[in-house]
């Protein structure tokens, strides 16, 4: 890694092209008009690096340049394990599918604008023991599938709700399994800065039914029959502790 602390001038038009991409990759292009520059202005250099890693082949070199009080240049080389380590949607695909966000909603999500919530106690801070006991369900969305009748139970339990068999369940991951909305409502009292919240009851592909919070959608954007896919997000925060779980978002077509 090399660093140069001497302040240098650079045109705003040229900076996005200089930061996006690798030395040995295809011709440098911005994510979309203005998108790359917005990332730079927010100093989210991790996003730029993730995009370069999405497009780099093993052995290629990546140069990440940050311009602030000076210039920081970091050089990376893509390893042979990079293709197998890629999971989820590429950065550019996510950027192309982004939705407009109203300024007041942005302020609420960033906790820069406070609104009076419901007149009820705030949720307690997440506690480590219960999170550890249910870690499979909480972090990996692992349900239980009965080995006797094949019914799927969410969250997992000892007794099958379909046939009554005890301790007959086997681990069954729903992390990459889609689902279909069968009912939906709006929660206007949830402990979140972004109200109202869309709550849906879904039928999971392969069996099982559960309730889920739908994200990345307008309040009236969820309909019965819509296809959803799990996504790991923050539910709420209390006493400075963030509580994460699986929400759902619209399935990519």
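The values are calculated or read from the model by the stated rules, or taken from the named source; none is laboratory data. This is a predicted model, so every value here is computed, not measured. Cβ: placed from backbone, ideal geometry, glycine included. Neighbour counts: every protein chain shown.
For every residue, the table says whether it meets (1) touching a helix residue (DSSP H, G or I) at 6+ places or on another chain (Cβ under 7 Å); (2) at pLDDT 80 or above; (3) surrounded by 13 or more Cβ atoms within 10 Å (Cβ to Cβ); (4) assigned by TED's automatic domain parsing to the domain that holds residue 245.
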{"position": "110", "(1), (2), (3), (4)": "no, no, no, no"}
{"position": "119", "(1), (2), (3), (4)": "no, no, no, no"}
{"position": "139", "(1), (2), (3), (4)": "no, yes, yes, no"}
{"position": "145", "(1), (2), (3), (4)": "no, yes, yes, no"}
{"position": "154", "(1), (2), (3), (4)": "no, yes, yes, no"}
{"position": "165", "(1), (2), (3), (4)": "no, yes, yes, no"}
{"position": "170", "(1), (2), (3), (4)": "no, yes, no, no"}
So which residues in region 218-230 are under 15 Å from residue 252 (Cβ atoms), crowded, with 16+ Cβ neighbours inside 10 Å and either under 19 Å from the mean Cα position of the chain (by Cα) or in contact (Cβ under 8 Å) with a residue 60 or more places away in the chain (or both), if there are any at all? 228, 230
Scanning region 63-74 for residues that are over 16 Å from residue 46 (Cβ atoms) and exposed (fewer than 12 other Cβ atoms within 10 Å of the Cβ) gives 69
How many residues are over 18 Å from residue 95 (Cβ atoms) and assigned to a loop (DSSP other than H, G, I, E, B) if we restrict to region 46-61? 4
What are the residues in region 179-198 that are outside any strand (DSSP E or B) and surrounded by 16 or more Cβ atoms within 10 Å (Cβ to Cβ), if any? 190, 191, 192, 193, 195
